[in-house]
Amino acid sequence: MAAKPKPEIMMRPILLALVPALLIGLAGCEREGPAERAGRSLDRAGQNVRDAVDPPRGPVERLGRSVDRAVN
């Protein structure tokens, strides 16, 4: 019978491939491109139109919308 490889030996190549891939992925998320800035601008314009057409009816709704803007 053939000897089974140890799990530690099998995990090493996986980790060696996974760590650089994660680092490259995180480095790619650092900058914001022109499309993202334009999208954010459109989102804000849509929110302003919504507030003009359907203004918040009370302090709770106003607070909810401000939380939505902060989170999104």
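Restricting the search to the stretch 20-46, which residues are of a type in the set (D, E) and closer than 19 Å to V71 by Cβ?
The answer is E32, E36, D43.
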Conditions: (1) of a type outside the set (K, R); (2) part of a helix (DSSP H, G or I); (3) modelled with pLDDT of 85 or more. I14 meets all but one. Number of the miss?
(3)
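The values are calculated or read from the model by the stated rules, or taken from the named source; none is laboratory data. Remember, it's a predicted structure, so these values are computed and weren't measured experimentally. For neighbour counting, all protein chains shown are included, and Cβ atoms are generated from backbone atoms with ideal geometry for every residue, glycine included.
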